[in-house]
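Engineer: Provided herewith is a single structure, encoded as structure tokens, for subsequent inquiry.
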Amino acid sequence: MNLSVNWLRDYLSFDYSVEQLSEILTAIGLEVAKVHEYSSVKGGLEGVVIGKVLTKKQHENADRLSVTTVDLGGDEPVQIVCGAPNVAAGQTVVVATVGATLYPAGADSFDIKKSKIRGESSYGMICAEDELGIGQSHDGIMVLDDRHTAGTPAAEVLDIYTDTIIEIDLTPNRGDATSHYGVARDLAAYMRVHQGFEGIVNPFDSETELPVGASTVTVDVRDTDACPRYAGLVIEGVEVKESPAWLQNRLKAIGLTPKNNIVDATNYILHGLGQPLHAFDLDHVKGGIIVETKAEGTPFVTLDGEDRKLRAADLMICNAEGEPMCIAGVYGGQNSGVTESTTAIFLESAHFSARSIRGTMVHHNLRTDAARIFEKGSDPNLCLDALHQAAALIKTIAGCSSVSKVTDVYPEQITGAEIDVKFDYVRGLIGADMSDEDIVKILTALQIQTSEIDGGVKAIVTTDKSEVTRPCDIVEEVLRIYGYDTIEMSSKVNASLVYTDGTSNFAAYNRAADLLSGAGFHEMMSLSIVPSKTFVEEATWNISQESLVKINNTSSRELDAMRPNLLISMLDAIKHNSNYRNSDLKLFESGRSYAVEGEKFVEKQQIALTITGRLHAESWNTDDRLTSFYELKGAVEMLLNRTGLSEWTEESAALDGSDAGLIFKYKNTTIVELMQVSHQLLKQFDIDADVFFAAVDWKAVCKIANRSSIAFVAPSKFPSLRRDLALVVDTNVEFAQIEQLARRTIKKELRDVNLFDVYEDESRLGKGKKSYAVSFVLQDDNKTLRDKDADKMLNKLKGSFRHQLGASIRGEDE
């Protein structure tokens, strides 16, 4: 929500700086996200001043240029070369000084610099309207009244509107603060408690007299649950035109685009008071308003030109003939709104059910300002005041010949909740020794009426606070104004020791994250929602649209699916970093993937790792070696070892989205998928470098690790022996097969198997052959191995390799 400080001051007088105001708003539960300055002219005419042209002469080297001297209020006049035909000595002009930035209408910005034009120095620029961005005229320079003093900032003379805009992150429970009026009331409560403020917040105009006539429109509300109150009046004789500058500036400052004086008036009331309004062209109303739902699938064209199919639960505003004109509280129709030819309007001010509005808003993905207010809970007792204010404003800016009496359908008066609150409960929940009087003072400051009960008060909540329904809600209201920062921090912390079997997944992940961070990986966090259009090409991803978990994302239509894997998040991060010339990356993330499998939704908790680019940061003492499949494989093995897993098998696999793939299995459970990402996928993300990716099934790994017992094994005091073999095998034989066979053959004494060289040469080894140079580390925990013992084990290994893998031993079998 954008909050205008100027607008806020219209309702409440205060002398806080913007920094102080931001701190107070955050303290009372209206968290300030950011603050920025607004100017009706981009740049605020900073560096632009009033000047007096002292002299003018013809430029010696250019017929259309003049050389002038201009008084800018400094010690000495400056020389400026000007091309305007109407420049003359004695004029009062607008000058952009050296260092200023101009934002011309419909053109790119440019900086004013000291320059030489056809041999003459120029120290600024005498400006026309369009060059300043305040108009479209380029007939010549602006010439002002002589009463203005040289050196005066142009923003003061040209009456540029400036404002400070505070952006508030409004939480869903703050329906009372969806407008400037609501924020002003909250701020006033703070001022009453902390500064003794005794004033009131009254944004209502009671001076404008309205010409009252009989109503020509009947109202029939057929669903009073969805629409507890509906009020409206007819305004005739209006002239639809552009809004006055002050109104346009107010709306532009908070990010709205002015439309016309009628629509702008309704938006002004909405953001000022927090009551959405809607203006219908009276000709389309046809004498009556019907508030009802329509049949499922009824077509309706909204203001944006989109043809929508209504749900049976969508509340509609229809004319006397039952024709839908507006989705109630959400969005208007294409043919019933105000146009330039409109001369009479029906102005609606209603209170709609938050549940009804939210359902419609989410279904049709229409997050309008009105819908945001209604879904948080609007104030049903503000309808008439807002209607009167809007009518008075429209009379002022659009004129009118008559205003009808108000038609108000309000069958059951809505009152605020009545809540019994004990003082001891308030003190206990807050953790502060507040007096009874302080609690009552804060409630009174919030305009919550109280009456005394035994040990506490009965609080009668105002109807703008629809979320305040329980004693704990009252405590929250008190605490907001009392101040979170005033609660003293305890000097001790009480905690209970909790015993759990095994290690929690959270604790295990923290250890894993520490390990990966120490290995040079950076943890990343990304959204779980992604664009479904990414997976349109099934051949690239092997992911069908039917297997995606689709969502109705009202914040962003593009992000409409839950991610089916963490690879897409990793590739998006790599692309983003590469665009900023950060292409050497080692990343990991803990997250979930989502899919539809048959009739079920499936979630998988994973840790994903990816590496790309150079292995080491660029430096004089490191090489330019690139990352590889085996670097990532080593990181995955390190991670598994850290969780307590020591046994798994490895298999080559054709994984989706990969050029080469490997899976780790524990018994029959796949725990890791490791791949080199396919170049087809990398092309989709405009990534040039090789990318290696691994997905660890973290839930499965933790489950296996919790079943494993930790045992202490003393290091052997006896030395180890190493033996090397050069094995010639078929090219389809993998090292993993050699390692697994070796461990099955020598189960007790074999400590390590390592591949330290691969050699391929058809002329020496034969076609379809390759040579693995493998080392074997042997050790006995009970005695010192002798050479003959090691040779015996080595011969046993040779026999297994020959018979089961068809291997030959280089140097022996040749």
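The values are calculated or read from the model by the stated rules, or taken from the named source; none is laboratory data. Predicted model only: the values in this text are computed from it and were never measured. Don't worry about glycine lacking a Cβ; one is built from the backbone with ideal geometry, like all the others, and counts go over all protein chains shown. Keep in mind that these areas ignore ligands, DNA and RNA; they rest on the heavy atoms of the full protein, side chains included. Shrake-Rupley method; radii C 1.70, N 1.55, O 1.52, S 1.80 Å.
Engineer: For region 512-534, what are the residues that are assigned to a helix (DSSP H, G or I) and either at pLDDT below 90 or in contact with a strand residue (DSSP E or B) (Cβ under 9 Å, 6 or more places away or on another chain) (or both)?
Structural biologist: The answer is ALA512, ALA513, LEU516, SER517, SER532, LYS533, THR534.
Engineer: When only residues in region 538-592 that are of a type in the set (Ser, Thr, Tyr) and in a loop (DSSP other than H, G, I, E, B) count, which is nearest to ALA689 (Cα to Cα)?
Structural biologist: SER583
Engineer: Name the residue that is surrounded by the most Cβ atoms within 10 Å (Cβ to Cβ), counting only residues in region 477-501 that are touching a residue at least 24 places away in the same chain (Cβ under 8 Å) and among the charged types (D, E, K, R).
Structural biologist: Filtering first and then ranking leaves GLU477.
Engineer: Here is a follow-up. Can you pull out every residue in region 694-734 that is among the small types (Gly, Ala, Ser) and buried (at least 17 other Cβ atoms within 10 Å of the Cβ)? Break it down stepwise before answering.
Structural biologist: Looking only at region 694-734, we keep the residues that are among the small types (Gly, Ala, Ser), and these are 694-695, 700, 705, 708-709, 711, 714, 716, 720, 726.
Answer for region 694-734, where residues must be among the small types (Gly, Ala, Ser) and buried (at least 17 other Cβ atoms within 10 Å of the Cβ): ALA694, ALA695, ALA700, ALA705.
Engineer: Continuing with this model, one more query. Which one is most open to solvent (accessible area, probe 1.4 Å) among residues in region 525-559 that are closer than 18 Å to ASP656 by Cα and among the small types (Gly, Ala, Ser)?
Structural biologist: That would be ALA539.
Engineer: Okay, moving on. Can you name the residue in region 500-511 that is polar (S, T, N, Q) and outside any loop (DSSP other than H, G, I, E, B) and is also farthest from the chain's Cα centre (by Cα) among such residues?
Structural biologist: Checked region 500-511; the qualifying residue farthest from the chain's Cα centre (by Cα) is ASN505.
Engineer: Taking ASP688, is it acidic (Asp, Glu), under 27 Å from ASN641 (Cα atoms) and either modelled with pLDDT of 85 or more or surrounded by fewer than 15 Cβ atoms within 10 Å (Cβ to Cβ) (or both)?
Structural biologist: No, not satisfied.
Engineer: Right, next: When residues of region 259-308 are filtered for being farther than 30 Å from ASP186 by Cα and in contact with a strand residue (DSSP E or B) (Cβ under 9 Å, 6 or more places away or on another chain), how many remain?
Structural biologist: Residues flagged as farther than 30 Å from ASP186 by Cα and in contact with a strand residue (DSSP E or B) (Cβ under 9 Å, 6 or more places away or on another chain) within region 259-308 amount to 26.
Engineer: Another question about this same structure. Is region 258-268 home to any residue that is exposed (fewer than 13 other Cβ atoms within 10 Å of the Cβ) and either without any contact (Cβ under 8 Å) to a residue 24 or more places away in the chain or under 25 Å from GLY182 (Cα atoms) (or both)?
Structural biologist: Looking for residues that are exposed (fewer than 13 other Cβ atoms within 10 Å of the Cβ) and either without any contact (Cβ under 8 Å) to a residue 24 or more places away in the chain or under 25 Å from GLY182 (Cα atoms) (or both), one finds none in region 258-268, hence no.
Engineer: Evaluate the following for MET675: is it free of Cβ contacts under 8 Å to residues at least 40 places away in the same chain, in contact with a Leu (Cβ under 9 Å, 6 or more places away or on another chain) and closer than 21 Å to SER590 by Cα? Give the derivation first.
Structural biologist: Details: free of Cβ contacts under 8 Å to residues at least 40 places away in the same chain: yes; in contact with a Leu (Cβ under 9 Å, 6 or more places away or on another chain): yes; closer than 21 Å to SER590 by Cα: yes.
Against the criterion (free of Cβ contacts under 8 Å to residues at least 40 places away in the same chain, in contact with a Leu (Cβ under 9 Å, 6 or more places away or on another chain) and closer than 21 Å to SER590 by Cα), MET675 qualifies.
Engineer: If LEU615 meets every condition in (1) among the hydrophobic types (A, V, I, L, M, F, W, C); (2) touching a residue at least 60 places away in the same chain (Cβ under 8 Å); (3) surrounded by fewer than 19 Cβ atoms within 10 Å (Cβ to Cβ) apart from one, which number is that one?
Structural biologist: It fails just one condition, (2).
Engineer: Is it the case, given these coordinates, that THR162 is more than 30 Å from ILE317 (Cα to Cα), in contact (Cβ under 8 Å) with a residue 12 or more places away in the chain, surrounded by fewer than 19 Cβ atoms within 10 Å (Cβ to Cβ) and out of contact with any Pro (no Cβ under 9 Å at 6 or more places or on another chain)?
Structural biologist: Here the answer is yes, as THR162 does meet what is asked.
Engineer: Could you check ALA392 against (1) part of a helix (DSSP H, G or I); (2) open to solvent by less than 20 Å² (accessible area, probe 1.4 Å); (3) touching a helix residue (DSSP H, G or I) at 6+ places or on another chain (Cβ under 9 Å) and say which number it fails?
Structural biologist: The single condition ALA392 does not satisfy is (3).
Engineer: Which pairs turn up if I take residues in region 184-206 that are closer than 18 Å to ILE24 by Cα and look for partners that are among the acidic types (Asp, Glu) and part of a loop (DSSP other than H, G, I, E, B) with beta carbon separation below 8 Å, at least 6 apart in sequence or on another chain?
Structural biologist: Close Cβ pairs satisfying both conditions: ARG192/GLU198.
Engineer: In region 316-357, how many are within 17 Å of ALA371 (Cβ to Cβ) and of a type in the set (Val, Ile, Thr)?
Structural biologist: 4
Engineer: Looking only at residues that are assigned to a strand (DSSP E or B) and acidic (Asp, Glu) in region 165-194, which one is most open to solvent (accessible area, probe 1.4 Å)? It would help to see each step written out before you state the result.
Structural biologist: Of the residues in region 165-194, the ones assigned to a strand (DSSP E or B) are 165-169.
If we keep only those that are acidic (Asp, Glu) as well, we get 167, 169.
Working: GLU167: 52, ASP169: 75 Å².
Once the filter is applied, the top-ranked residue is ASP169.
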